[in-house]
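Colleague: Please read through the structure below; I'll follow up with questions.
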Amino acid sequence: MRKYKFLILRRIIQLSILFLFVGGNFFGWELLRGNYSSAIIVDSLHLSDPYAVLQILASGFVASSSVLIGAFIILLIYVLVGGRMFCSWICPMNIITDLAFRLRRIFKIKTEAPVSLPRNFRYYILALSLIVSAVFGLAAFEIISPISMLHRAIVFGSGAGWAIVAVVFLVDLLILKAAWCGHICPLGGFYSLVGKQAVIKVKHDKDNCTNCNACFDVCIEEPVLSIIGKESDFIRSGACTNCGRCIEACDDNALKYALKFDLKKKNN
């Protein structure tokens, strides 16, 4: 169980949120209603995805005060605890892409995309989504987001939603490792920028590290592990999803969650 404690906890949280969304939409439960872009807790507290709100503002629409406050609350949470924790602890697409990632390892699928796709491609998609939102007067990414599609597929049984999710899964499985989460998703790119200075980070202990590279085998964002075996420090890249898989995979106790209060880079 130690090897999968964070994975199990992540799945419990992700599935619980989906369960509450289903209950809110089908049975009128007031604990959590809405979707991943805009939700209401106990029928009183509005929470909004700040990236979705950015698209709304870029499109020329005026967001209500409750939406803006909800976006600020979420932004503050992820600035503090780690922006891309949304990707691994909340986002339902993580279940799909993690499955594709694991199957690639099990079946030793080594296929690569015919065209190299850089990790920073998601930032171009992020910028493009805001430009398109401004030009066409709509929240561009929200219309085609696989996250929203998966939510609608589960809650409302949308067939088109399942088709989009299947495409993401197959691309991740057969064409490019971690294509969606690691290269394309603009929401992940947004939270990479937001959570760069978060106080909860994975910390590496060089003295315990034996360079077994088990952490690299399970990480979808391999470049963030550049300090492994080289120095004792926090994984400072905002691209880290704080999923904890590297901690679970490490038999040397060289990785752990820690609070990072020093914002200046130094050895620890």
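The values are calculated or read from the model by the stated rules, or taken from the named source; none is laboratory data. These numbers were taken from a predicted model, which means no experiment stands behind them. Methodologically, a virtual Cβ is constructed for each residue, glycine included, from the backbone with ideal geometry; neighbour enumeration extends over all protein chains shown. Just the protein is used for accessible areas: all its heavy atoms, side chains included, with ligands, DNA and RNA removed. Shrake-Rupley method; radii C 1.70, N 1.55, O 1.52, S 1.80 Å.
Colleague: Divide, for the range 200-240, the radius of gyration over alpha carbons by 2.2 N^0.38 Å, where N is the residue count.
Modeller: On the way: Rg = 9.6 Å, N = 41, 2.2 N^0.38 = 9.0 Å.
Normalised by 2.2 N^0.38 Å, the Cα Rg of the range 200-240 equals 1.06.
Colleague: Now, a different point. Quick check on packing: order 225-232, 48-55, 90-97 by the mean number of other C-beta atoms within 10 Å, highest mean leading. Don't jump to the answer; show the numbers that get you there.
Modeller: Working: 225-232: 16.0, 48-55: 23.5, 90-97: 21.1.
Per-residue mean Cβ counts within 10 Å order the peptides as 48-55, 90-97, 225-232.
Colleague: Using a 1.4 Å probe on the protein heavy atoms, what percent of the accessible area of the range 1-144 belongs to carbon and sulfur? Present the calculation step by step, with values, prior to reporting the outcome.
Modeller: Numbers: 5990 of 8020 Å².
Reported share for carbon and sulfur atoms: 75 percent.
Colleague: Using the Cα gyration tensor of the range 61-213, with a ≥ b ≥ c the square roots of its eigenvalues, what is the shape: rounded (a/c below 1.5), prolate (a/b larger than b/c) or oblate (neither)?
Modeller: On the way: a/c = 1.76, a/b = 1.18, b/c = 1.50.
Here the range 61-213 falls in the oblate category.
Colleague: Additional query: What percentages, rounded to whole numbers, describe P(r) for the chain computed over all alpha carbon pairs with 5 Å bin width beginning at zero?
Modeller: 1, 6, 11, 16, 19, 18, 14, 9, 5, 2, 0
Colleague: Karplus couplings for the range 10-17 from phi (6.51 cos²θ - 1.76 cosθ + 1.60, θ = phi - 60°), rounded to Hz, Gly and Pro as x?
Modeller: 5, 5, 4, 5, 4, 6, 5, 5
Colleague: For the chain, take the longest principal axis of its alpha carbons; what is the angle in degrees between that and the long axis of helix 121-136, to the nearest 10 within 0 to 90?
Modeller: Between the helix axis and the principal axis of the chain, the angle is about 10 degrees.
Colleague: Which of the peptides 185-197, 142-154 is most tightly packed, and how do the rest follow, judged by the mean count of other Cβ atoms within 10 Å per residue? Before the final figure, lay out the partial values.
Modeller: On the way: 185-197: 23.5, 142-154: 20.0.
Ranking the peptides 185-197, 142-154 by packing returns 185-197, 142-154.
Colleague: Can you run the Rg to Rh ratio on the range 68-122? Use alpha carbon positions and the Kirkwood inverse-distance Rh. All intermediate terms of the calculation are to be shown ahead of the outcome.
Modeller: Values: Rg = 15.9 Å, Rh = 14.0 Å.
Here the Rg-to-Rh quotient is 1.13.
Colleague: Residues of the chain: accessible area per residue at 1.4 Å, in Å²?
Modeller: Values: 13310 Å² over 268 residues.
Counting only protein heavy atoms, the per-residue value for the chain is 50 Å².
Colleague: How would you classify the range 177-261 from its alpha-carbon gyration tensor, with a ≥ b ≥ c the square roots of the eigenvalues: rounded for a/c under 1.5, else prolate if a/b is greater than b/c, otherwise oblate? Mind showing how you got there, number by number?
Modeller: Numbers: a/c = 2.28, a/b = 1.39, b/c = 1.64.
Cα axes put the range 177-261 in the oblate bin.
Colleague: Could you check how much of the accessible area of the range 162-268 is carbon and sulfur, as a whole percent, using a 1.4 Å probe?
Modeller: Numbers: 2840 of 4720 Å².
Solvent-exposed carbon and sulfur of the range 162-268 make up 60 percent of the total.
Colleague: Hey, another quick one. Once you sort the root eigenvalues of the Cα gyration tensor of the range 1-91 as a ≥ b ≥ c, which label holds: rounded (a/c under 1.5), prolate (a/b larger than b/c) or oblate (the other case)?
Modeller: On the way: a/c = 2.49, a/b = 1.39, b/c = 1.80.
Judged from the Cα gyration tensor, the range 1-91 comes out oblate (a/c at least 1.5, b/c at or above a/b).
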